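The values are calculated or read from the model by the stated rules, or taken from the named source; none is laboratory data. Just so it is clear, the model here is predicted, and its values are computed rather than measured. Don't worry about glycine lacking a Cβ; one is built from the backbone with ideal geometry, like all the others, and counts go over all protein chains shown.
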Amino acid sequence: MEYIMCLIGMGSMLGIMYALMRTSTKELKKLKNKPEYDAITAKLPDNVTLGKQVLAKLENTHTTIEETKENQTLYIAISDKITVSKEEKNYTRVQTLVHECIHAKQPKKLLIFHFIFGNIYFFSILVITILTIFHIIPNTLIISNILLIMAILFFTVKLYLELDAMTKAPFITEKILRENTSISEEEKRKLQEGYQKVNEKAIPYSVFVMLLNICIPFAIYLLIAGIVH
Ligand SMILES: [Zn+2]
């Protein structure tokens, strides 16, 4: 019964958050789908060159930039490397690149802790769920509390790292655009307007998705523990 109560509580909390967020994947996709803005950013340097410009702006001399075929721009803390896709043509590519470059400036120990602890959290849930199914763990309530503490700690670190990157990115993007001479002042203004609209929706949406990704495995464990015990 306790597990079902926890599940209802978690579901209600996520439901309220979703309602307050007042945005959806569909709406966000629509905001990102702006061919007019894509045409403006096409005049800017490619992602690798732009990434190097951003790193220089942030006075980061240690991080390397590597091109990838995958359609994803990502900072990997362990190798201190940003992988960028040349295929990415959407206008949001500039701000995404800036976002990842900001991650590269964050405390390295915290980034590595986030990566390792995140893996430990998801792996622990998997192992504990299997042990619970086979009745190997006698007191699942204590284990549930330990997992909850782990989830809160992981979410707190993730939230700090992401909010730091998401809130700083618009200012750095503005500086990068201002220094670029290949697009007009009017085009820069249009892009800034586009980024502002995306950020208004994308920041709360990203926080919600982060929370959802951490809660879902925990909710599956609670459900199984509730059925088994
Ligand atoms: Zn990020």
Positions within the range 65-122 being among the hydroxyl-bearing types (Ser, Thr, Tyr), within 15 Å of the ligand (Cβ to nearest atom) and out of contact with any Phe, Trp or Tyr (no Cβ under 9 Å at 6 or more places or on another chain), in sequence order: Thr73, Tyr75, Thr96
Pair list, Cβ < 8 Å and 6+ apart or interchain, from the range 179-198 residues that are without any contact (Cβ under 8 Å) to a residue 24 or more places away in the chain to residues that are of a type in the set (Asp, Glu): Gln192/Glu174
Subset of the range 1-59 [basic (Lys, Arg), surrounded by 11 or more Cβ atoms within 10 Å (Cβ to Cβ) and in a helix (DSSP H, G or I)]: Lys30, Lys32, Lys52, Lys57
Checking Thr156 against (1) assigned to a helix (DSSP H, G or I); (2) within 16 Å of the ligand (Cβ to nearest atom); (3) buried (at least 16 other Cβ atoms within 10 Å of the Cβ), the condition it does not meet: (3)
First in the range 70-98 and closer than 13 Å to Gly51 by Cβ and at pLDDT below 90, second anywhere and loosely packed, with under 14 Cβ neighbours inside 10 Å and not charged (D, E, K, R), Cβ under 7 Å, 6 or more apart: Ser85/Asn71; Ser85/Gln72; Glu88/Asn71
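When you check Val48 against the structure, is it more than 20 Å from the chain's Cα centre (by Cα), within 22 Å of Val84 (Cβ to Cβ) and modelled with pLDDT of 90 or more, yes or no? Please lay out each step first, then the result.
Values: more than 20 Å from the chain's Cα centre (by Cα): yes; within 22 Å of Val84 (Cβ to Cβ): yes; modelled with pLDDT of 90 or more: yes.
The answer is yes for Val48.
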